[in-house]
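Have a look at the structure below, then the notes.
The values are calculated or read from the model by the stated rules, or taken from the named source; none is laboratory data. Nothing here was measured: the structure is a model prediction, and the numbers come from that model. Don't worry about glycine lacking a Cβ; one is built from the backbone with ideal geometry, like all the others, and counts go over all protein chains shown. Keep in mind that these areas ignore ligands, DNA and RNA; they rest on the heavy atoms of the full protein, side chains included. Shrake-Rupley method; radii C 1.70, N 1.55, O 1.52, S 1.80 Å.
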Amino acid sequence: MKNILLTVFVGVFIFTISTFAQTTKESTPSSTRETKEIQEFKEKLASKVAELQKKNSKAISGIITDNLATRVGMKTLDNVTYEVKIDRELTKIYEIAKSQKKEIKASDLKKGSYIVVSGPESGRVINANYIYVDERFTTGSGKVTEVNSQESYLKILSMEKDTLILDLEVNTRRQIMDAKTLEIGTVGLSRIKEGDTIHYVYKPEDTGREKNRFTAQKILVIPQEYFLK
Amino acid sequence: MKKEIGIAIFFGVLLGLIVAIVMVSQVRKLGGQKAGTIQTKTSGSQPAKNNISALSVIEIKEPKEKDIVSKNSITIKGTTQKGSLIVMQSPARDVAFRTESEIFSTDFPLALGENVIAITAYPKDQKSRPQEKILTVYYLDEQ
């Protein structure tokens, strides 16, 4: 008898809960609003997760120190070392040349190459989503201290007070800013004077000459007349 | 016997209703609290973005250092002294202009890969020294 009563009680209890909860959820306007709020909350949560994933994924550049097929050692210009993990299925590897990318293999990554790695990073380990073999450029500015027309080079005192020799070659893009209009045009070596301000871009490659001597990719001269006004 | 079953049904319905009402009200309260928290956080982060700190020679507000973008150009925004000459240089482009107010903004093209952009401000008042900022931005076509 007791068992029958208990069974009836529990059965009615569960049925009432489920029926009431279901009815409340589906029929009243407040439950519709609630569902909408839950949906919005889910969407916000998903967007936050995506944002955090994006935040965690970053790009780090450096020079390859070793390549072990599924793992690449990399050292940044600040001398921080990273382990770059390559997933054969997921990691895409490209070489950039003239603003075009070409897919290459992990075995094509050579020691000494400059790479940009993107992917989630944790504790100096990057799980690479993408690896780009890129060209490394250095930019800077300073004052022209010597113009050598015969050997076609400029001696520069940089903003950091370092002396630099920049060779101007046929491919070097030479530009000057007009002191009045600020327009940028081309310039020959003969128009560049000691005391002019210069902005430059070069590849920091060993030229086999002085340590501080490089081939300029491009220069932009700000004539001293601009500052005399 | 019938009377006892009737009482059991009555109490079952009563207790079921009480539990269901409590459950529904708790879920509603919880949902409201979570949505409220997100709203507060979002609105709380807005003022910091517009907070312009005291002017040094040049400050870059946008983009952030080592930002990754998927377009081949960016808008560089910053603050400097009015009338300063701003020179921006990267392997891709050179730009020079004079600022008409303390805030400047200009579009700048990017090359695929790493873009190291030197941004130099030459103040109008030549007693102030020029200042250079190096901005690194990655244009990565991740497809």
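Observations, loosely collected:
- Across the stretch A:121-143, a minimum of one residue is classified as among the charged types (D, E, K, R), assigned by TED's automatic domain parsing to the domain that holds A:Val201 and part of a strand (DSSP E or B).
- Some residue of the stretch A:73-86 being among the charged types (D, E, K, R), modelled with pLDDT of 90 or more and in a loop (DSSP other than H, G, I, E, B): yes
- Counting the residues of the stretch B:1-37 that are surrounded by 12 or more Cβ atoms within 10 Å (Cβ to Cβ), more than 7 Å from every other protein chain (Cβ to nearest Cβ) and modelled with pLDDT of 70 or more gives 5.
- Taken over the stretch A:42-69, the criterion of being at pLDDT 85 or above and either open to solvent by 70 Å² or more (accessible area, probe 1.4 Å) or assigned to a helix (DSSP H, G or I) (or both) is satisfied by A:Lys58 alone.
- Residue within the stretch A:116-127 that is more than 9 Å from chain B (Cβ to nearest Cβ) and touching a Pro at 6+ places or on another chain (Cβ under 9 Å) present: yes
Yes/no per residue for (1) out of contact with any Phe, Trp or Tyr (no Cβ under 7 Å at 6 or more places or on another chain); (2) within 25 Å of B:Ile119 (Cβ to Cβ); (3) touching a residue at least 12 places away in the same chain (Cβ under 8 Å); (4) open to solvent by 10 Å² or more (accessible area, probe 1.4 Å):
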{"residue": "A:Leu189", "(1), (2), (3), (4)": "yes, no, yes, yes"}
{"residue": "A:Glu194", "(1), (2), (3), (4)": "yes, no, yes, yes"}
{"residue": "A:Ile198", "(1), (2), (3), (4)": "yes, yes, yes, no"}
{"residue": "A:Pro204", "(1), (2), (3), (4)": "no, yes, yes, yes"}
{"residue": "A:Lys211", "(1), (2), (3), (4)": "yes, no, no, yes"}
{"residue": "A:Ala216", "(1), (2), (3), (4)": "no, yes, yes, no"}
{"residue": "A:Leu220", "(1), (2), (3), (4)": "yes, yes, yes, no"}
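- Checking A:Val72, A:Val80 one by one, the residue that is farther than 18 Å from B:Asn115 by Cα, surrounded by 13 or more Cβ atoms within 10 Å (Cβ to Cβ) and assigned by TED's automatic domain parsing to the domain that holds A:Val117 is A:Val72 and no other.
- Those strands (runs of 3 or more DSSP E) of the stretch B:88-143 in which 2 or more residues are open to solvent by less than 50 Å² (accessible area, probe 1.4 Å) and facing chain A (nearest Cβ under 8 Å) occupy B:94-98, B:113-122, B:131-139.
- Residue in the stretch A:163-174 that is under 22 Å from B:Val87 (Cα atoms), acidic (Asp, Glu) and in a loop (DSSP other than H, G, I, E, B) present: no
- The set of residues from the stretch A:128-171 being among the β-branched types (Val, Ile, Thr), within 12 Å of chain B (Cβ to nearest Cβ) and touching a Ser or Thr at 6+ places or on another chain (Cβ under 9 Å) comprises A:Ile131, A:Val133, A:Thr139.
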